[in-house]
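Asker: Here it is, the structure in full.
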Amino acid sequence: MSGAVRIEVEADPTPLVLSLARVLRESAAVPELRDLLTGLTGTVALRSQLDAQAATLLFAEGGVDIHHGVDEGVEAIPLVPYSDYALAATPDELASAVQTLLNPPVPAWRDAASSFWAANHGSTGFPEGLRVVCQTEEEEIRFGEDAPAYEVHGPADALAAVFSGRGETFLFAIATGVTVVGSVAHLSAMCGAHWKVRFGV
């Protein structure tokens, strides 16, 4: 199939709707996942177990429409808390395919950090410089001005995850082994930057 895959959201989408759309766009960029997405037909509803958010995904004609809430007659599948995005066990084949689509490959930490910087540098409050240190590879990458630079240290998989918008918040990354060096004001800006990437806005 050529051309962009249709992934549409409602006019005033909730955070869950935005994050689902963002991750499906990532999957649409992977050839085998693109083929899976464009071949699906049917409806799946997902419900958060951490808050009141829910979303319905309607697959048809090679694309998907996503809106908040659960459509009448559809049984919502719970999202496993603190996961991106694991679904509660279900024998439903469509739901299994959706779970595959909601878990595309995570980019390499360098690529994720570069995209994170490109999406956020110049934003109000965002650090003028960023130093990312990968502890497992003993390598680092710098963006912007050398000083003052906000520093993010961690293992490769944790860096890749946080800079590509995985996890509920930037602070969640600290529980996965990421450490930061910088001001509280910049930490707040990094949290906002993470949400910008996570929600694809």
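The values are calculated or read from the model by the stated rules, or taken from the named source; none is laboratory data. Since this is a predicted model, take the numbers as computed values, not measurements. Note that each Cβ is placed from the backbone with ideal geometry, even for glycine, and that neighbours are counted across all protein chains shown.
Asker: May I ask you to verify whether Leu50 is surrounded by fewer than 17 Cβ atoms within 10 Å (Cβ to Cβ) and in contact with a Ser or Thr (Cβ under 7 Å, 6 or more places away or on another chain)? Please lay out each step first, then the result.
Answerer: Working: surrounded by fewer than 17 Cβ atoms within 10 Å (Cβ to Cβ): yes; in contact with a Ser or Thr (Cβ under 7 Å, 6 or more places away or on another chain): no.
For Leu50, the condition - surrounded by fewer than 17 Cβ atoms within 10 Å (Cβ to Cβ) and in contact with a Ser or Thr (Cβ under 7 Å, 6 or more places away or on another chain) - is not met.
Asker: So Leu36 clears everything in (1) of a type outside the set (D, E, K, R); (2) crowded, with 17+ Cβ neighbours inside 10 Å; (3) more than 24 Å from Gly167 (Cβ to Cβ) except one condition, right? Which one?
Answerer: Condition (2) is where Leu36 drops out.
Asker: Taking the stretch 132-154, which residues are over 16 Å from Ala173 (Cα atoms) and part of a strand (DSSP E or B)?
Answerer: Scanning the stretch 132-154 gives Glu139, Glu140, Ile141, Arg142, Phe143, Gly144, Ala149.
Asker: Got at least one residue in the stretch 143-154 being at pLDDT 95 or above and either within 19 Å of the chain's Cα centre (by Cα) or within 23 Å of Leu33 (Cα to Cα) (or both)?
Answerer: Yes - at least one qualifying residue is present in the stretch 143-154.
Asker: What single numbered condition from (1) more than 28 Å from Thr176 (Cα to Cα); (2) of a type in the set (S, T, N, Q); (3) at pLDDT 95 or above fails to hold for Ser2?
Answerer: For Ser2, the exception is condition (3).
Asker: So, Ala54, is that one aliphatic (A, V, I, L, M), within 18 Å of the chain's Cα centre (by Cα) and more than 21 Å from Leu36 (Cβ to Cβ) or not? Lay out the reasoning, then the answer.
Answerer: Values: aliphatic (A, V, I, L, M): yes; within 18 Å of the chain's Cα centre (by Cα): yes; more than 21 Å from Leu36 (Cβ to Cβ): yes.
It is true that Ala54 is aliphatic (A, V, I, L, M), within 18 Å of the chain's Cα centre (by Cα) and more than 21 Å from Leu36 (Cβ to Cβ).
Asker: Now for a separate question. Can you find a residue that is in a loop (DSSP other than H, G, I, E, B) and more than 19 Å from Pro13 (Cα to Cα) anywhere in the stretch 185-201?
Answerer: Going through the stretch 185-201, the residues in a loop (DSSP other than H, G, I, E, B) turn out to be 200-201.
From what's left, more than 19 Å from Pro13 (Cα to Cα): none.
No, the stretch 185-201 contains no residue that is in a loop (DSSP other than H, G, I, E, B) and more than 19 Å from Pro13 (Cα to Cα).
Asker: Looking only at the stretch 143-196, count every residue that is buried (at least 18 other Cβ atoms within 10 Å of the Cβ), aliphatic (A, V, I, L, M) and within 12 Å of Leu130 (Cα to Cα) and tell me the total.
Answerer: Residues meeting the conditions: 3.
Asker: Oh, and also: Among the residues in the stretch 93-110, are any within 20 Å of the chain's Cα centre (by Cα), acidic (Asp, Glu), part of a helix (DSSP H, G or I) and surrounded by fewer than 14 Cβ atoms within 10 Å (Cβ to Cβ)? Outline the logic, then answer.
Answerer: Of the stretch 93-110, the ones within 20 Å of the chain's Cα centre (by Cα) are 95-110.
From the residues that got through so far, the ones that are acidic (Asp, Glu) too are none.
No, the stretch 93-110 has no match at all.
Asker: In the stretch 7-47, how many residues are within 18 Å of the chain's Cα centre (by Cα) and outside any helix (DSSP H, G or I)? Write out each step before concluding.
Answerer: Taking the stretch 7-47 and keeping what is within 18 Å of the chain's Cα centre (by Cα), we get 7-9, 13-30, 33-34, 37, 46-47.
From the residues that got through so far, the ones that are outside any helix (DSSP H, G or I) too are 7-9, 13-14, 29-30, 46-47.
Here the count works out to 9.
Asker: Let me ask something else about it. Have a look at Ala173, Ala118 and point out the one that is at pLDDT 95 or above and either aromatic (Phe, Trp, Tyr) or part of a helix (DSSP H, G or I) (or both).
Answerer: Working: Ala173 fails: at pLDDT 95 or above.
None of the other options fit; the residue is Ala118.
Asker: If you take the residues in the stretch 40-78 that are of a type outside the set (D, E, K, R) and without any contact (Cβ under 8 Å) to a residue 12 or more places away in the chain, which one is farthest from Ala11 (Cα to Cα)?
Answerer: Within the stretch 40-78, the first condition is being of a type outside the set (D, E, K, R), and the residues that meet it are 40-46, 48-50, 52-60, 62-64, 66-70, 73-74, 76-78.
Next, only the ones that are without any contact (Cβ under 8 Å) to a residue 12 or more places away in the chain stay: 52, 73.
Details: Ala52: 19, Gly73: 23 Å.
Out of the qualifying residues, it is Gly73.
Asker: Mind telling me which of the residues Glu75, Glu32 ends up being out of contact with any strand residue (DSSP E or B) (no Cβ under 6 Å at 6 or more places or on another chain), outside the structural domain of Ala158 (by TED's automatic domain parsing) and modelled with pLDDT under 95? Working first, answer last.
Answerer: Numbers: Glu32 fails: modelled with pLDDT under 95.
The unique qualifying residue is Glu75.
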